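Read the figures in this text as sums done on the coordinates, not as results from a lab. Since the model is a prediction, treat every value here as computed from it, not as a measurement. In this analysis, Cβ positions are derived from the backbone assuming ideal geometry, glycine residues included, and neighbour counts consider all displayed protein chains.
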Amino acid sequence: MPPAAVCVVSWLVPGAGHLMQGRRQKGFVFLIALPAMFAIGLFLDGRLFPFVFSEPLVGLAAIANLGMGVPYFIAKALSLGKGVVTAASYEYGNTFLIVSGLLNMLVAIDAYDVRLGRK
């Protein structure tokens with residue numbers, strides 16, 4: 001499979017790129033931990049940010065959320081992640097959602113590097 005395809009599959013399904021390449025332990029850790037972080041962020045009333053680039057930090061947060069792949073699209077389809085600003089856990093939820101997306105992007109890059117033989 002071409003390295004770019006491994007990268008895309010890894011982005012869509014956290015850990016799938018590593019699983020495809022026989023790195024089972026890493027793949028299963030990513031497959032469980034990253035969606036769990038994303039779910040915790042939703043549970044803590046975090047917000048999936050809109051793509052509003054007139055507010056740069058909101059636009060960057062939206063890109064970070066999108067980094068989660070399929071779980072992001074499922075959450076959007078189910079209208080989750082509205083965010084409750086008055087909730088005590090709102091900022092924690094946002095942090096979990098943003099960090100899970102950014103970590104998944106790093107996992108996709110790692111799967112790409114593995115495919116190229118750099119690791």
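Given the conditions (1) under 20 Å from A4 (Cα atoms); (2) within 12 Å of the chain's Cα centre (by Cα), and given that A16 satisfies all but one, which numbered condition is not satisfied?
(2)
Here are V99, V70: which of them is touching a helix residue (DSSP H, G or I) at 6+ places or on another chain (Cβ under 9 Å), surrounded by 15 or more Cβ atoms within 10 Å (Cβ to Cβ) and of a type in the set (V, I, T)?
Values: V70 fails: surrounded by 15 or more Cβ atoms within 10 Å (Cβ to Cβ).
Of the residues listed, the single one that is touching a helix residue (DSSP H, G or I) at 6+ places or on another chain (Cβ under 9 Å), surrounded by 15 or more Cβ atoms within 10 Å (Cβ to Cβ) and of a type in the set (V, I, T) is V99.
Go through the stretch 64-91 and give me each residue that's among the β-branched types (V, I, T), in contact (Cβ under 8 Å) with a residue 12 or more places away in the chain and under 23 Å from F30 (Cβ atoms).
Across the stretch 64-91, the qualifying residue is only V70.
In the stretch 33-67, which residue that is hydrophobic (A, V, I, L, M, F, W, C) and surrounded by fewer than 12 Cβ atoms within 10 Å (Cβ to Cβ) is nearest to M20 (Cα to Cα)?
It comes out as F51.
Just the residues that are out of contact with any His (no Cβ under 6 Å at 6 or more places or on another chain) and surrounded by 15 or more Cβ atoms within 10 Å (Cβ to Cβ), please, taken from the stretch 103-119.
Selection gives L103, N104, M105, V107, A108, D110, Y112, V114, R115.
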